[in-house]
Amino acid sequence: MNDYPSDAQTKALEFVSSASTYVLIATLALTAWVASGVEFSSEGLRVTSMTCLALSAVFGVATLSLIPLVQEARQPGQSNFDVEAHFKLFGWRSAHLKAALFPQYFLLLAGLILYVIGMVG
């Protein structure tokens, strides 16, 4: 058995961590695919798609960085998404987990849609 507490919030945070890791791996693979020289109808669509995918990867890393801070700062019974994680980056800052998760998934979908449009058009 593992030494981690088995409360519901911790389990949910583990699922968020796993999902975010898999999405980050898929994002990096898709970014490599788009950068590999597949033919696009427009170079602007390729650049825009790669920008969205690269930013999605940045937010994916931010999400994975916030998860331990959320676990540490969470009070018993508090939702993982309501926790304000504090960190030092160019001074003291704070963020909620959904502030990194939403852009990660949104930018991945935008990059994927732009990829499809660039391939079809």
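The values are calculated or read from the model by the stated rules, or taken from the named source; none is laboratory data. Just so it is clear, the model here is predicted, and its values are computed rather than measured. Heavy atoms of the whole protein, side chains included, go into the accessibility calculation; ligands, DNA and RNA do not. Shrake-Rupley method; radii C 1.70, N 1.55, O 1.52, S 1.80 Å.
One table, with the values for the structure above:
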item: Angle between the chain longest axis and helix 43-73 axis [Cα atoms, degrees, rounded to 10]; result: 10
item: Surface accessible to a 1.4 Å probe, per residue, for the residues of the chain, Å²; result: 62
item: Solvent-accessible area, 1.4 Å probe, carbon plus sulfur percent, for the stretch 21-68; result: 75
